[in-house]
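To start, the structure under review is shown below, and the notes come after it.
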Amino acid sequence: MTNQDNNELAVVKGAIPKTLKLQFKVLCVKKELQMSAVLEDLIRQWIQTGAPIPEVYDDLLNEESEDVKGYIPKSLKLRFKIICTHKRLKIRFVLYALIQEWVETALQQSRCKM
């Protein structure tokens, strides 16, 4: 699979709480964004900011989860995977933290506009 820029794409996925996945999906639709594009941006930003280690959240472990997946450039997925492995982080924990923060920010912004 390739994108518009002819970059080869790879799937990045991880299990996150079902409720968070639904919120993420709904907000992407409302903002007319593709989930893959948001995930790609979030991963790039995480890497650019030095790949901070996220806190482990209890609801990730206790809540029923579902895979969230996106298609990102293969080279970005490789960098992401290498950094996660080097820092001994599970990809799903990083994805969860990035999506959780993005959803919270988007919800706060929508509340401020009201």
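Taken together, the values in this text are just the output of simple stated rules run on the coordinates, not laboratory data. Note that the structure is a prediction, hence the values are computed from the model and not measured.
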Convert 37 °C to kelvin, take the viscosity as 0.692 mPa s, use the Kirkwood radius over C-alpha pairs of region 29-106 as Rh, and evaluate the Stokes-Einstein diffusion coefficient in µm²/s, rounded to a whole number. 248
Kirkwood hydrodynamic radius of region 65-107, from inverse mean 1/r over distinct Cα pairs, in Å: 11.5
